[in-house]
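J.: One structure is given below, represented as structure tokens, and several questions about it will come after.
The values are calculated or read from the model by the stated rules, or taken from the named source; none is laboratory data. These numbers come from a predicted model, not from an experiment. Neighbour counts are summed over all protein chains in view; Cβ atoms, including those assigned to glycine, are modelled from backbone coordinates with ideal geometry.
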Amino acid sequence: MRNFNYAKPKSLGQVTSFLAASPQGAHLMGGGTDLVGEIKEGLVVPEVVIDLAAVPGLADIKKGPDGLAVGATATIAQIAGHPDVKADYPVLHQAAAVIASPQLRNVGTVGGNLCQRPRCWYYRDAAVRCSKKGGSTCYAVKGRNKHHAVFAGGICWAVFPSDLAPALVALEARFVLASAAGERVVAAADFYAPPIVNVRKETVLNRGEILREVRIPPAQKGDRSAYRKFIERGSWDFAVVSAAVRMSGGSAIRDIRIVCGGVAPVPWRLRTAEDALKGAGASEPAIRAAAAKAAAEARPLAENGYKADVLVTVVTDAVLAAFKAPARP
Ligand SMILES: Cc1cc2nc3c(=O)[nH]c(=O)nc-3n(C[C@H](O)[C@H](O)[C@H](O)COP(=O)(O)OP(=O)(O)OC[C@H]3O[C@@H](n4cnc5c(N)ncnc54)[C@H](O)[C@@H]3O)c2cc1C
């Protein structure tokens, strides 16, 4: 590991100044649960690590007329335990509650979770120069690929590992990105970009920018939501397949958003299933058929065809759970 500088700014202005001073070599740190591993593995060689822990107000969670504003350094545990999140956004509460372990949820931040890097074993192996690290090959294509993408692969088949991201896309959250030049706001769905846009990164966050805040629109009367996650082991693990569902309507579904994790390099919206379910009653056969229609669009690699079957089950469970959840008064 090469020596690097460590900065602990006391204001957002100082953060963006540090970023502007070293646009290629500055790396933001929330809880460090991903970044430190990346540094130790030699995947990231920082000039300066900017610790966000001392920036005032950056961990605030505030409810207002425009919804819920969540600061980037709020921890995953804060989200999981927040009464407004539990009451208004069950999908987010449930997603946060199943992330990793209690220790990681206490340290890991919302910003870090949303900007974490993929867990692909080829990407994480410092000895492998895959397409994500500037090489010309995605080694998953001919190699071991049981955890890889079944949608939107191509130049890179690593999946995006965050549980919070699908929930926030389902909730139509917006992300506030700050830099020395000012701020911009992007929809959560547009924050994530497939490898074809830029294989070296998973988001549209530019060098010099920080994800400062997540804004979630107010919950609407009649909203129902749920998150379901299939993992390989009995205890904590990354999602093999997950599904975030948010819907409105009564006995028939008026509107629905289904966003999956573990199946694509970005949170993956199942529009085919959504279209099939709009206006339909939420019977299990109808939901399963809609999920199967979406799963039929999967393009698996040699070892991950099972994900299409898991997708059908996880999406069916999630839609049924959302449908049975109490509607927001
Ligand atoms: C054993 C283990 C199991 C895990 N299981 C799960 C799981 O089941 N589900 C899941 O979702 N995650 C899981 N994770 C990932 C974990 O949730 C993330 O490591 C954590 O959320 C990252 O948060 P952090 O604050 O520690 O990020 P950091 O490690 O500090 O940062 C992660 C990345 O985000 C960047 N970053 C941090 N903050 C910002 C910001 N505000 N703006 C822009 N960029 C920023 C950093 O530069 C870095 O690249 C697991 C991790 C481990 C180690």
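J.: For the stretch 117-142, how many residues meet the condition of being aromatic (Phe, Trp, Tyr) and within 16 Å of the ligand (Cβ to nearest atom)?
T.: Of the residues in the stretch 117-142, 2 are aromatic (Phe, Trp, Tyr) and within 16 Å of the ligand (Cβ to nearest atom).
J.: Kindly list the number of the only condition in (1) away from the ligand (no atom under 11 Å from the Cβ); (2) at positive phi that fails for residue 92.
T.: With respect to (1) away from the ligand (no atom under 11 Å from the Cβ); (2) at positive phi, residue 92 is out only on (2).
J.: Let me ask something else. Is it true that residue 195 is within 27 Å of residue 117 (Cα to Cα), touching a Ser or Thr at 6+ places or on another chain (Cβ under 8 Å) and of a type outside the set (Val, Ile, Thr)?
T.: yes
J.: Okay, moving on. Evaluate the following for residue 181: is it modelled with pLDDT of 95 or more and small (Gly, Ala, Ser)?
T.: Taking the combined requirement at face value, the residue satisfies it.
J.: Say we look at the stretch 9-60 and pick out the residues that are among the hydroxyl-bearing types (Ser, Thr, Tyr), modelled with pLDDT of 95 or more and in a loop (DSSP other than H, G, I, E, B); which of these is surrounded by the fewest Cβ atoms within 10 Å (Cβ to Cβ)?
T.: 11
J.: Can you give me the number of residues within the stretch 41-83 that are in contact with a Lys or Arg (Cβ under 6 Å, 6 or more places away or on another chain) and not small (Gly, Ala, Ser)?
T.: Qualifying residue count, the stretch 41-83: 3.
J.: Within the bounds of the stretch 139-159, is there any residue that is closer than 30 Å to residue 13 by Cα and either among the hydroxyl-bearing types (Ser, Thr, Tyr) or assigned to a loop (DSSP other than H, G, I, E, B) (or both)?
T.: No, the conditions are met nowhere in the stretch 139-159.
J.: Which of the residues spanning the stretch 171-201 are among the hydrophobic types (A, V, I, L, M, F, W, C) and either closer than 20 Å to residue 95 by Cβ or within 13 Å of the ligand (Cβ to nearest atom) (or both)?
T.: 171, 173, 175, 176, 177, 178, 186, 187, 188, 189, 191
J.: Filter the stretch 101-116 down to the residues that are of a type in the set (Val, Ile, Thr) and surrounded by 19 or more Cβ atoms within 10 Å (Cβ to Cβ), then identify the one that is nearest to the ligand (Cβ to nearest atom).
T.: Ranking the qualifying residues of the stretch 101-116, first place goes to 109.
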